[in-house]
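Scroll down for the structure; my scribbles are underneath it.
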Amino acid sequence: MATSMLSSTIVLDVLRNDNYANWSACIKNYLLAQDLWDIFETTTKPPRPEDDAVEFKAWRKKNAAALHAIQISCCGEIQSQINDISSAKTVWDMLPKLVYQPPSKGANYNPVAEQGNSLNIQSSNVHYMVYVPLHNALKSGDWNSAKEFLKLQPNSKRAKITTLGKTALHVSVEAGHVHIVEALVDLMSEDDLEVQDNFSDTALMETTYI
């Protein structure tokens, strides 16, 4: 209830799987009005505190305000998938790919094709379910459990273990568990380190966003 009350001051409806176009237009207008939109338009990396402490502090404040606005304007299901991401721009770029936009059932609607797509989605979800124990161990910082999983399934260290195409290293970087990141890097080849997620980011690239 509290989230709905807060989000209503920004957008009319929270983001769901069926309203991305309207939602994104509303939230963009809000971010423009709050002078926060420039952090989404930049193509450069966020400033670092050691390079310019004042600029970094200003960016961090804008990023936090924008990220909070987006988070409270999403439904609980979507919000749970972005809560661990600290970059507002990263969240904004991933949302169109994260929400499912069902096709309009016009003249070319093909129920057989739609059923096939549904089966593909279910099959994909089964694939990722295999990695749930590994994902949970990495998120919680339990390296012993993660290591045991990797021993049983060595290829998991380079596999995409989430629907967003994240590898074990991506998940560990986002969770901020440095000891696991270092341990995984020791186990991985250069090719493993170059595996990209659905947003064309390697895990090591993501360290610059955190």
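The values are calculated or read from the model by the stated rules, or taken from the named source; none is laboratory data. Worth saying up front: this structure is predicted, and the values here are computed from it rather than measured. A quick note on method: Cβ atoms are made from the backbone with ideal geometry, for glycine too, and the neighbour counts reach across all protein chains shown.
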Qualifying residues in region 192-210 (those that are among the charged types (D, E, K, R) and within 19 Å of the chain's Cα centre (by Cα)) - the one modelled with the highest pLDDT
194
The lone condition residue 189 fails out of (1) closer than 28 Å to residue 96 by Cα; (2) at pLDDT 90 or above is (1)
In region 34-76, the residues that are under 24 Å from residue 21 (Cβ atoms), in contact with a helix residue (DSSP H, G or I) (Cβ under 7 Å, 6 or more places away or on another chain) and part of a helix (DSSP H, G or I)
39, 40, 66, 67, 69, 70, 71
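State all residues of region 146-189 that are of a type in the set (Gly, Ala, Ser), farther than 22 Å from residue 91 by Cα and either surrounded by 15 or more Cβ atoms within 10 Å (Cβ to Cβ) or not assigned by TED's automatic domain parsing to the domain that holds residue 201 (or both); if no residue qualifies, say none.
In the first step, residues of region 146-189 are kept if they are of a type in the set (Gly, Ala, Ser); the result is 146, 156, 159, 165, 168, 172, 175-176, 183, 189.
If we keep only those that are farther than 22 Å from residue 91 by Cα too, we end up with 146, 156, 159, 183, 189.
Result: 146, 156, 159, 183.
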Condition first: more than 16 Å from residue 86 (Cα to Cα), touching a helix residue (DSSP H, G or I) at 6+ places or on another chain (Cβ under 7 Å) and of a type in the set (Gly, Ala, Ser). Now tell me which residues in region 171-202 satisfy that.
183
Under 6 Å between Cβ atoms, at least 6 apart or on separate chains: pull out the pairs that start in region 27-46 with a residue that is more than 20 Å from residue 208 (Cα to Cα) and in the same structural domain as residue 70 (by TED's automatic domain parsing) and end on any residue that is polar (S, T, N, Q) and buried (at least 16 other Cβ atoms within 10 Å of the Cβ).
27/73
Criterion violated by residue 67 - all others in (1) modelled with pLDDT under 85; (2) under 16 Å from residue 87 (Cα atoms) satisfied:
(1)
